[in-house]
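Undergrad: Input: one structure, supplied below.
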Amino acid sequence: MLPKALIIILIITSASFINGFAQTTDQAVQSIHLPKIDGSLKTKFEYDLESQKMRFEVRNARFGAKGNLNQYFGYRVEVDLSDEGKIKMLDAYVKVTPIEKLDIYLGQRKVPFGSDYLRSPVEGLFANRSFVAKYVNDGLRDIGLVVNYQFKFHIPFDVWVAAMNGTGNNNPQWIDKPNYAARLIIEPLKNFRCVGNYYQGSTILEKDMTMYGGEMRYQTNKLLIETEFLKRHYTDTSSLAHDQFGFYVHSYYNFFTGAEMIQMISPTLRWDFMGKTEHTSELTANRITTGVNFGFEPKQFKAEIRLNYEKYLKKSLPAHFDKFTIEFIAKF
């Protein structure tokens, strides 16, 4: 694992050096052809309030590059050197924009489904993801074709459609037919949007899988209120039918302090649950998360310290326990 990580870091460092060196050259050439290097880090300390055990963790260490070759072609590559201790290739796609407002992606990326799942780790509101993102619609990063068109009518809306392998991350197996996804985003009012998601197909362990969900969000410069519901139906390899569902509602409010060091203080609150409906609807986990984020930049999700407390109202898995978390994030 170590040689692979060193090779990745060497490539990214070299690209960064070239990018910096090129700043002394023609600016037009630089803006079109050279990649923009970016990355993010999530490091945290967790304390189990039930067993009184603790741990330190590097949850994510992502590096990536994106850019444009010309007005029609762009690209994105990203790797995570510490995705729960493993190195993973994340995004790796080419984007083609043949006409204005139409983007066509071919390669590996997240399936367009679910707002909380589509967020990067540092853009989440809390140290730990919602049940919807972590369990119910997890595993939707895949290889395929994704098309997005933005309609700018009186009521603006975006349409996303996708055809994917269904075999998962960096796993280009031959398939009989692709999986299909659709995502519709409508903004009927200022600062307010509604979203519908649909996904159908099969995975290695799930046959005849169908997922659907709905979202609503109200967001201003200071306030966010967002909710999402998702249901997943599939048949396992033993021909047993399964149904899962998940829900969350979360919010934050940004207080801009005007101070030099801590420029933003954001109290956060989330209620989320998940369950199954094989025979009767049953909750498997139900949780309240409270916290406060301290922002050291005027822009959110760039440099933050987060304090979280998770209280479980119901739990059925050993991984679920009341805990306190301190998290540092950096995005560059």
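Undergrad: What is the dipole size for the range 51-120, taken about its Cα centre, with +1 at each Lys and Arg Cβ and -1 at each Asp and Glu Cβ, in debye to the nearest 20?
TA: 160 debye
Undergrad: Still on this structure: Sort the chain into rounded, prolate or oblate with this rule: let a ≥ b ≥ c be the square roots of the eigenvalues of the Cα gyration tensor; rounded if a/c is under 1.5, and if a/c is not under 1.5, prolate when a/b is larger than b/c, oblate otherwise.
TA: rounded
Undergrad: Label-point separation (nm) for D38 and I87, each offset 7 Å from Cα along Cα-to-Cβ?
TA: My value for the distance between the label points is 2.3 nm.
Undergrad: Quick one: length gained pulling S239 to F296 fully straight, 0.36 nm per residue minus the C-alpha distance?
TA: The span from S239 to F296 would gain 15.3 nm if fully extended.
Undergrad: Say each of I99 and D48 gets a label point 7 Å from the Cα, pointing the same way as Cα to Cβ; how far apart are those two points in nm?
TA: Here the answer is 5.8 nm between the modelled labels.
Undergrad: Whole Å is fine, so just give me how far the alpha carbon centre of the range 180-242 lies from that of the range 274-326.
TA: 20 Å
Undergrad: Next up: When the chain is fully extended, how far beyond the present Cα-Cα distance does D176 get from E57, taking 0.36 nm per residue of separation?
TA: That works out to 38.8 nm of additional length.
Undergrad: For S251 and I155, calculate 0.36 nm times their separation in residues minus their Cα-Cα distance, and state this gained length in nm to one decimal.
TA: That works out to 32.1 nm of additional length.
Undergrad: Looking at the range 255-302 from every direction and averaging, what is the projected area of its Cα convex hull in nm²?
TA: Over every viewing direction, the Cα hull of the range 255-302 projects on average to 4.3 nm².
Undergrad: Determine one quarter of the surface area of the Cα convex hull of the range 87-221, which equals its mean projected area, and express it in nm² to one decimal.
TA: 9.6 nm²
Undergrad: Now for a different question. From the Cα gyration tensor of the range 184-304, with a ≥ b ≥ c the square roots of its eigenvalues, which class applies: rounded if a/c is under 1.5, or else prolate if a/b is larger than b/c, or else oblate?
TA: The shape class here is prolate.
Undergrad: For the charge dipole of the chain, defined by +1 on Lys and Arg C-beta atoms and -1 on Asp and Glu C-beta atoms about the Cα centroid, which residue among N254, L106, I185 has the Cα displaced farthest towards the positive pole?
TA: N254
Undergrad: What does the highest-first list of 113-123, 92-102 look like by mean Cβ count within 10 Å?
TA: 113-123, 92-102
Undergrad: Do any GluC sites (Glu not before Pro) in the range 155-250 lie in a DSSP loop with no more than 14 other beta carbon atoms within 10 Å, and if so, which?
TA: Filter output for the range 155-250: empty list.
Undergrad: Placing unit charges on C-beta atoms (Lys and Arg positive, Asp and Glu negative, everything else neutral), compute the dipole magnitude of the chain about its Cα centre in debye, rounded to 20.
TA: Dipole size: approximately 300 debye.
Undergrad: Can you find, among Y198, N293, V146, the residue sitting farthest towards the positive end of the charge dipole of the chain, where Lys and Arg contribute +1 and Asp and Glu -1 at Cβ?
TA: Positive-end residue among those listed: N293.
Read-outs: derived from the displayed coordinates by stated rules, not from any lab. Fair warning: this is a prediction, and the values are worked out from it, not measured in the lab. Here Cβ is always computed from backbone atoms with ideal geometry, including for glycine, and neighbour counts include all displayed protein chains.
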